[in-house]
Amino acid sequence: MSMGAYDEDEHERRESKTRVDGNFAEERSEYRGRVTYDSGDSAEALLDQFESIKGD
C-alpha cells in the first residue's frame with residue numbers, strides 16, 4: 001500500500017476513538033471554600049537567589 005493510501009479499517013479505528021459521550025450532567029459542580037497560599041520569601045530574596053543561580 002502506498003503512502004497516503006486510504007485504509008478504511010484505520011479510518012474506522014480512529015473514528016471510534018474520537019467519539020464523544022454526551023451523557024453527562026448539564027450543571028457544573030459548585031465548590032465553596034477558601035484558598036490560601038504562602039508566598040515564602042520576599043521578592044528581593046527571590047531575586048537575589050535568581051542572581052546567584054544565574055551567575056554560576
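Test Asp21 against the stated conditions and say whether it is in a loop (DSSP other than H, G, I, E, B) and either surrounded by fewer than 10 Cβ atoms within 10 Å (Cβ to Cβ) or modelled with pLDDT under 85 (or both). Answer is yes for this residue. Look at (1) among the small types (Gly, Ala, Ser); (2) under 27 Å from the mean Cα position of the chain (by Cα); (3) modelled with pLDDT under 80 and you find that Ser2 fails only one, number (2).
Asp48 meets all of the listed conditions (1) at pLDDT 85 or above; (2) in a helix (DSSP H, G or I); (3) exposed (fewer than 10 other Cβ atoms within 10 Å of the Cβ) but one, namely (3).
The values are calculated or read from the model by the stated rules, or taken from the named source; none is laboratory data. Since this is a predicted model, take the numbers as computed values, not measurements. No Cβ is skipped: glycine too gets one built from the backbone with ideal geometry, and neighbour counts run over all protein chains shown.
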